[in-house]
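See structure below.
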Amino acid sequence: MTDDKRSRNEHIKEDSRFLRGTIAEGLEDVATGAISEDDAQLTKFHGTYLQDDRDLRPERAKKKLEKAFSFMIRLRLPGGLASPKQWLALDAIAGTYANHTLRLTTRETFQFHGVIKSNMRRTMQAINAALLDTIAACGDVNRNVMSASNPFLSKAHAAAHDLAVAISEHLLPKTGAYHEIWLDGEEVDANGKPVKKKEAKEEKEPIYGPHYLPRKFKTVIAVPPSNDVDIFAHDLGYIAIVEKGKVVGYNVTVGGGMGMTHGEPDTFPRTADMLGFCTPEQAVDVAEKVLTVQRDWGNRENRKRARLKYTIEDRGLDAFRAEVERRLGFKLGKPRPYRFEQTGDPIGWQQGADKKWHLTLFIENGRVKDVPGHTLRAALREIAEFHTGAFVLTGNQNLIIANVSAKAKSKIDAVLKEHGITPYASSGMRRSSMACVALPTCGLALAESERFLPEVITALEDVLDKAGLRDDDIVIRMTGCPNGCARPYLAEIGLVGKNPGLYNLYLGAAFDGSRLNKLYAEDVDKAQMLGLLEPMLARYAKEREEGERFGDFVIRAGYVRATTAGNQFHADVELVKLVT
Ligand code: HEM
Ligand code: SF4
């Protein structure tokens, strides 16, 4: 068809026989560590990305070897909840098949890096044996559903978690491709015993259809006053309205998203809008209808404009709401008052409503690994051996060791100490920091992130010390490219990679995650970013008003204007000139 303007990915999905493509054949091909380009689009729906070690590219090219291919595998883990037994299983997988680290992501799940093709099936089977899966962790589908970290904190948190699980299950693709390709058509029952997956006679995707969604779709549930899921960054969000300890309903948000492309002003991050209010019983249906309107209205020609945020920009919130309500068969209620205070996690021990203890551990950029004197992976494995509660991953790449008795509390403290681990960060800025993975694994990275942000913060800590700001929470986030996996556009200080060693500096997001930042300076290297931030932080320390946050101060002080809508995010004043 010559007038078919749909993007290439739409054809790949259509021709894939519900996400099968030639993945199974590609896995058998021992001549290469890679799979075909089309299959690499399809494996995302199965939770895995083909990558290569970019550190090794020059050396391999010199030797005329193919790239050092491996796979990143991401789990589906609604609400970030894992049992100690599952932790041990995942730790063992990291050691046997991956790069000996676990990555806790900004969306409450685990990633493995460095799994080679010949180990892919075994790894997926080991994940399945731990009663976990990777279905829809990437791809044009509803991704991992996040909920307010720690379901054990209160009844409302438990309800938010249950809703995350219900939405995740309801919106799961129904294709048998996953079990067929990775698990030899088997799945495990609740006791971990393999059982044959029932063959669907006539395969259909009742919710998605054969083309799935135009683009990824991300859902979160928040329990105020914490906005630890960064609700305004996501396609679909639920803000729990809690009365007398009970969730009476949810304010529903739509159309948030982070990704943009440098130099293309019709792409931009956007904070979500308020759609309306629904009862707990209506919440799953609302998710389905929001998703199907986006399925039908979303842009399938240009993937850069295919997220729900652009559908809402282009068609208008009122039209979108009317169509969702038409499909629901009822009107949504008026949003109820709520108040967010912060996006960060309460690091340290905390006691829940039932008097059980919970330890939130600061884990820099979510990387669980052993280094001499700081053997975090070993410590967590040791804790998982005796811990009877749960592990909960937070949206800030941190980890909660949840449901701990007073007796076990001191034992956990002792194990951590023995391994050189403290739960705390060295400063408020580090505590409030996030970096995406970027190099060496991410194929899209234009600059370093996880390996670079820690040293930027170390340098800034000197500045913070001088200004007396060491303990102040100042939210700083870095990504290696504008896709925004660590949500840099919602950070008081955002650093987005543009070229090796060079970043765009964004300032002025709200501490509670409700307002985007704005571009302040382009292409800054480390010395320049420090040079720009030092006087600003010094002024902030001296001139801030009672309780004023850094993100608000930079607007009042005139460094940037406030961003009030997504498409106003691009700099609207002359950018700061750099002295080179
Ligand atoms: C066009 C947009 C995007 C593309 C193409 C993209 C692609 C990728 C890729 C290839 C990785 C793997 C990196 C690695 O582990 O080596 C990754 C990681 C990740 N992305 Fe994205 N991403 C996009 C936007 C986003 C956004 C907006 C979010 C969240 C709001 C997000 C959340 C994540 C998370 C949680 C990870 C795991 C690592 C981490 O915690 O940083 N992504 N993304
Ligand atoms: S923000 Fe860019 S560099 Fe970082 S993980 Fe995402 S896609 Fe890769």
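For the stretch 440-472, filtering for residues that are within 15 Å of ligand 2 (Cβ to nearest atom) and open to solvent by 50 Å² or more (accessible area, probe 1.4 Å) leaves 5.
Here is the figure for the stretch 243-286: residues that are touching a strand residue (DSSP E or B) at 6+ places or on another chain (Cβ under 7 Å) and modelled with pLDDT of 95 or more total 24.
For the stretch 388-499, the helices (runs of 4 or more DSSP H) that sit wholly inside it and include 1 or more residues that are of a type in the set (S, T, N, Q), at pLDDT 95 or above and more than 16 Å from ligand 1 (Cβ to nearest atom) are 406-418, 453-467. Taken together, the residues in the stretch 478-494 that are touching a Leu at 6+ places or on another chain (Cβ under 6 Å) and among the hydrophobic types (A, V, I, L, M, F, W, C) amount to 2. Residue count for the stretch 124-158, restricted to those that are buried (at least 22 other Cβ atoms within 10 Å of the Cβ) and either part of a helix (DSSP H, G or I) or without any contact (Cβ under 8 Å) to a residue 24 or more places away in the chain (or both): 3.
Name the single residue, out of those in the stretch 423-439 being among the aliphatic types (A, V, I, L, M) and surrounded by 22 or more Cβ atoms within 10 Å (Cβ to Cβ), that is farthest from ligand 2 (Cβ to nearest atom). Within the stretch 423-439, the match that is farthest from ligand 2 (Cβ to nearest atom) is Met429.
Summed over the stretch 58-69, residues that are farther than 14 Å from Gly33 by Cα and in a helix (DSSP H, G or I) total 4. Here is the figure for the stretch 106-120: residues that are of a type in the set (Asp, Glu) and either part of a strand (DSSP E or B) or surrounded by fewer than 24 Cβ atoms within 10 Å (Cβ to Cβ) (or both) total 0. Comparison of Leu530, Leu516 shows that the only residue that is at negative phi, outside any loop (DSSP other than H, G, I, E, B), touching a helix residue (DSSP H, G or I) at 6+ places or on another chain (Cβ under 6 Å) and open to solvent by less than 60 Å² (accessible area, probe 1.4 Å) is Leu530. Given the structure, is Arg544 at pLDDT 95 or above and either out of contact with any helix residue (DSSP H, G or I) (no Cβ under 6 Å at 6 or more places or on another chain) or loosely packed, with under 13 Cβ neighbours inside 10 Å (or both)? The answer is no for Arg544.
The values are calculated or read from the model by the stated rules, or taken from the named source; none is laboratory data. Bear in mind the structure is a predicted one, so any value in this text is a computation, not a measurement. No Cβ is skipped: glycine too gets one built from the backbone with ideal geometry, and neighbour counts run over all protein chains shown. The protein model used for the area step is the full one, side chains on, heavy atoms only, and it has no ligands, DNA or RNA in it. Shrake-Rupley method; radii C 1.70, N 1.55, O 1.52, S 1.80 Å.
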